[in-house]
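Notes follow the structure.
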Amino acid sequence: MSPLRTVITGSVRYRGREGQLAFILHRLSGLGTLLFLALHILDTSTVYFFPALYKEALALYRHPLFMLGEIFLVAAVIYHGTNGLRIALFDLFPRLWRAEREKPSVYTTLAVTVVLWLPAAFIMGRSLIGHTFLGWE
Amino acid sequence: MTTLNPTSRVVSPPPRSLDGRIWLLMRYSGIALIPLAWIHVLIQDVLVGVHRIDLDYVALRWATLGWRVYDMALLGFAFAHGMNGLRQVLEDYITRDRPRRLVRWGLFAAWLVITAIGAAAIVGGVGRGAGEVGGS
């Protein structure tokens, strides 16, 4: 199948700059979050259907690799929301849009994402290190 | 190609078609999900953390009706938003009619089943006979 190759090589060659970066990040963060969300709905549902199994799901979530993934999941959720708000505002209120606002708006979403994510990443990272290396209960 | 230099923007979604409504719904649900999903993530992932979450915690949280309503809204908005997003991504690369219809119905069925399972759990709450968990 060549379409996937076309997508990948095209994404690399096409120089859409900030707009393309936002587009790709929005899709990746959305797809990543959806993958987790589907898993999360099903595992949480075990509290009703198979309560004994919920412990197994939690054991998976408490694995260091999963906790690391969780930190990136939070980044994805923050970015997807911030960039989504940018898209929704420009779509619902086209009057707000100016050509010269397009690129700065992308940098604004990235900056907001980093500012919101860093404290969350710090708290979650501390928990990851504490539970993995320092024997926290 | 680069001579195109727009100075203003016109957005005109098809207002009365199904696709137009879904287009609008993606924006409205997206805006609703910013507080809904962010507060959920802030509380459960950052402030509480997965090491303090267990059956008792879920039972305690769902003892408050407001949190069940909250979780139901989150489930409804987030998963529909996500599955329609996945549909849009796939339809960018699947252009033939039959595979496209297959993807649409497949995603719709998956959305319906998983949403129903999640909703049943939120309504039903933490199951009884949950082992060492003290029943309430």
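Bear in mind these aren't lab numbers, they're just calculated from the coordinates by the rules spelled out. Note that this is a predicted model, so its numbers are computed, not measured. With ideal geometry, Cβ positions are generated from the backbone for all residues, glycine too; neighbour counts draw on all protein chains shown.
Rounded to a whole number, what is D in µm²/s for the stretch A:18-133 from Stokes-Einstein with the Kirkwood radius over alpha-carbon pairs (10 °C, 1.306 mPa s)? Don't jump to the answer; show the numbers that get you there.
Working: Rh = 16.2 Å.
It comes out at roughly 98 µm²/s.
Give me the net charge for the shell around residue A:18: Cβ to Cβ below 9 angstrom, other residues only, Lys and Arg +1, Asp and Glu -1. Value of the local net charge: +1. Loop-located trypsin sites (Lys or Arg not before Pro) in the stretch B:75-108 (DSSP state other than H, G, I, E, B) with a sparse environment of at most 11 neighbouring Cβ atoms within 10 Å: B:96.
Each label was represented as a point 7 Å from its Cα along the Cα-to-Cβ direction; for residue A:50 and residue A:108 these points are 4.8 nm apart. Within chain B, helices built from complete DSSP H runs that reach 20 Å or longer along their own axis (Cα positions) and carry a mean Kyte-Doolittle hydropathy of -1.0 or higher are B:18-41, B:65-93, B:97-124.
By the count of neighbouring beta-carbon atoms within 10 Å, fewest first, B:23, A:136 end up ordered A:136, B:23. All other residues whose Cβ lies under 13 angstrom from that of residue A:96 are scored, Lys and Arg at +1 and Asp and Glu at -1, for a net of +2. Largest mean-square fluctuation among A:122, A:49, A:23, in a Gaussian network model of chain A whose springs join Cα atoms under 10 Å apart, belongs to A:49. In terms of its Cα atoms, the protein assembly as shown spans 69, 43, 40 Å along the principal axes, sorted from long to short.
For the stretch A:26-89 versus the stretch B:9-34, the inter-centroid distance based on Cα atoms is 25 Å. Classify the stretch B:20-124 as rounded, prolate or oblate from the Cα gyration tensor: take a ≥ b ≥ c as the square roots of its eigenvalues, call it rounded if a/c is under 1.5, otherwise prolate when a/b beats b/c and oblate if not. It is prolate, given that a/c is not under 1.5 and a/b is the larger ratio. Legend: helices of chain A (whole DSSP H runs) are marked when their alpha-carbon atoms reach 24 angstrom or more along the helix axis and their mean Kyte-Doolittle hydropathy is at least 1.0; marked are A:64-92.
Of all the options A:92, A:65, A:28, the one that moves most in a Gaussian network model of chain A with Cα springs shorter than 10 angstrom is A:92. Summarising the label geometry, the points placed 7 Å from Cα in the beta-carbon direction at residue A:66 and residue B:80 lie 2.9 nm from one another. Build a GNM of chain A with springs between Cα atoms under 10 Å apart, and of A:18, A:100, A:70 the one that fluctuates most is A:100.
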